[in-house]
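The values are calculated or read from the model by the stated rules, or taken from the named source; none is laboratory data. The shown structure was predicted, so the numbers you read here are calculated from the model rather than taken from an experiment. Ideal geometry is used to build each Cβ from the backbone, glycine not excepted, and the neighbour counts take in all protein chains shown. Ligands, DNA and RNA are stripped out before the accessible areas are found, and what is left, the full protein with its side chains, is counted by its heavy atoms. Shrake-Rupley method; radii C 1.70, N 1.55, O 1.52, S 1.80 Å.
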Amino acid sequence: MTANAIAPTSTARPPRTTAGFALLGTVQATLIFTLMAISVPLPDIGREFGLDHSDLVLLNAAYGLSFAALLLLGGRLTDRYGGRRVLTGGLVVLGLASAAAPFAPGFTALLLLRFLQGVGAALVAPAGMAVLRALLPSAAEYGRAMATWGGLSVLGATTGNLASGAVADWLSWRWMFVVPVIVTAAALVLAPRLLPADPPRERRPALDLPGAVLATAGTVLVSYGLVLTETGGWVPPFAAGLLLLVAFVLRERRAAEPLLPLGFLRGGRRLLGLGATLLSAGGTATVFLLMTLHLQQDLGWTPLATSGAFLPYAAALLAGGRFAGPLVGRFGPRTVTVAGLATGAAGLLALAGLDTHTAYLPGLLPGLLLLPFGAALAFAGAAVLATDGVPEAQIGLAGGVLNTAMELGPTVLLTALLTVGSGGSALGAAAALFALTALAGGLTARRG
């Protein structure tokens, strides 16, 4: 998609279309808000339920594990049954699990409910993108919308971190689940009024159930193995997951109607978009984790003060999101993605001097402004690149693949970076990855 294809036009959207986009955007941000809902108050949950470190690690990862593992299946279900239908089903699952979570009597119940929340999210995320495509059939409008869509997940993550610290200090971690309950209930009521109905389908694509089982099990085991790297015993699940993913690729090469057509991933633009999404999600997650630990453990800040430290981060993120759409329209998604990655690399490099004595001012704040601004630009351009030229029959698949990159980024990149070292060395390695990807994107743009 060229810059001209998504250039701003003077045609205003009808109020119903604007309201529909706002509804879908709120739902998308809420999915990532829910992912981060228990991140800051996790120690409080551990004390209440008497959990050890491995229990906390699994509880923190549960939502993301089922979310990431089922996104490809959610995307293909969307292509088969229609976006609004699958969106409604996913909202019901997410809403019911979120409504039950505050009443969880112990670890097992809360863990199961977090898994179920992830199942609902895996249906909602690709279905929401399919409905967005139907809501905005014009290529120009859809491109501008995707430029905004790319920053919603970072906004949801930031809001989740900010809110969880405040709620942990003032109320209880259980109140964090009120937000997804309210949003899902409102979405279920408003969707029939604001969102287009699913068009009749002349042909429904077959479901590659063996491929779905292999992809889901492989993704869960690999992700779980990466989560366990700090606690030990990670090799067996990681190795088993890799074998299943290899079997998945072999299966997809032979399947008549594969869950993930391997040709879908070909092309430098789409690969750059997916790579930038994975890096931006992983880089921001790494900074959140390391900064939260540094502020609370090294500097002795409270959870509320820690959340407050990210207010400038949130402001920079909003500023980046505000400028991203017009910049994508003027310069094109590839240029904005590369510029965002380069800016994010500068922010990570500014944070790479982190040690136990680094003060918030001036040691952390410059990086906490540059990184989110760059990430917002990179997400915006990457979302357009990853969905550019996708036929309507595969828009659910595109949503599943894009969101899979977004969900795997924190698990894969965070774990890989922490094997390099803690603190500054991990952030320096992340800066190098951002810079190298930006350089590769710039070089391929010149050749193409």
**Item:** Residue among LEU427, LEU417 that alone is in a helix (DSSP H, G or I), open to solvent by less than 10 Å² (accessible area, probe 1.4 Å) and either among the hydroxyl-bearing types (Ser, Thr, Tyr) or at pLDDT below 80 (or both)
**Value:** LEU417
**Message:** Cβ-Cβ distance below 7 Å, separation of 6 or more or different chains: which pairs start in the stretch 345-361 with a residue that is under 16 Å from LEU413 (Cβ atoms) and end on one that is open to solvent by 30 Å² or more (accessible area, probe 1.4 Å) and part of a helix (DSSP H, G or I)?
**Reply:** ALA345/ALA435; GLY347/LEU370
**Prompt:** Among (1) open to solvent by 60 Å² or more (accessible area, probe 1.4 Å); (2) modelled with pLDDT of 85 or more; (3) not aromatic (Phe, Trp, Tyr), which single condition is ARG204 missing?
**Reply:** (2)
**Asked** Going by the structure shown, is ARG114 open to solvent by 10 Å² or more (accessible area, probe 1.4 Å), closer than 28 Å to TYR313 by Cα and either among the charged types (D, E, K, R) or modelled with pLDDT under 95 (or both)?
**Response** no
**Complete:** Only one of (1) touching a helix residue (DSSP H, G or I) at 6+ places or on another chain (Cβ under 7 Å); (2) assigned to a helix (DSSP H, G or I); (3) surrounded by 15 or more Cβ atoms within 10 Å (Cβ to Cβ) does not apply to PRO210, and that is (3)
**Pairs where the first residue, in the stretch 109-129, is polar (S, T, N, Q) and the second is modelled with pLDDT under 95, C-beta under 7 Å, 6+ apart** = GLN117/THR34; GLN117/TYR63
**Message:** When you check GLY308 against the structure, is it open to solvent by less than 10 Å² (accessible area, probe 1.4 Å) and touching a residue at least 24 places away in the same chain (Cβ under 8 Å), yes or no?
**Reply:** no
**Asked** In the stretch 215-239, which residues are part of a helix (DSSP H, G or I), open to solvent by 40 Å² or more (accessible area, probe 1.4 Å) and of a type outside the set (Asp, Glu)?
**Response** VAL220, LEU221, TYR224, THR229, VAL235, PRO236, PHE238, ALA239
**Complete:** Of the listed residues (LEU190, LEU171), the one being without any contact (Cβ under 8 Å) to a residue 12 or more places away in the chain, open to solvent by 50 Å² or more (accessible area, probe 1.4 Å) and not small (Gly, Ala, Ser) is LEU171
**Asked** Inside the stretch 36-53, can you point out the residues that are open to solvent by less than 30 Å² (accessible area, probe 1.4 Å) and either part of a helix (DSSP H, G or I) or closer than 30 Å to VAL131 by Cβ (or both)?
**Response** ALA37, ILE38, LEU42, ILE45, GLY46
**Prompt:** Going by the structure shown, is ALA319 surrounded by fewer than 18 Cβ atoms within 10 Å (Cβ to Cβ) and under 17 Å from GLY151 (Cβ atoms)?
**Reply:** yes
**Request:** Determine which member of the set ALA197, ALA187 is at pLDDT 80 or above and closer than 13 Å to LEU24 by Cα.
**Result:** ALA187
**Request:** Take ARG80 and decide whether it is open to solvent by 50 Å² or more (accessible area, probe 1.4 Å), over 28 Å from ARG133 (Cα atoms), basic (Lys, Arg) and modelled with pLDDT under 95.
**Result:** no
**Prompt:** For ALA5, all conditions in the list (1) assigned to a helix (DSSP H, G or I); (2) open to solvent by less than 40 Å² (accessible area, probe 1.4 Å); (3) modelled with pLDDT of 80 or more hold save one; what is the number of the exception?
**Reply:** (3)
**Fill in**
From the option list GLY367, GLY381, GLY396, GLY363, single residue qualifying as at pLDDT 85 or above, within 22 Å of the chain's Cα centre (by Cα) and within 18 Å of VAL287 (Cβ to Cβ) is GLY367
**Request:** Residues being part of a helix (DSSP H, G or I) and either hydroxyl-bearing (Ser, Thr, Tyr) or more than 17 Å from LEU370 (Cα to Cα) (or both): count how many of those fall in the stretch 260-288.
**Result:** 17
**Request:** Could you please let me know if VAL124 is assigned to a helix (DSSP H, G or I) and more than 21 Å from TYR142 (Cβ to Cβ)?
**Result:** no
**Message:** Quick check on LEU245: is it assigned to a helix (DSSP H, G or I), out of contact with any Asp or Glu (no Cβ under 8 Å at 6 or more places or on another chain), open to solvent by less than 20 Å² (accessible area, probe 1.4 Å) and under 22 Å from THR411 (Cβ atoms)?
**Reply:** no
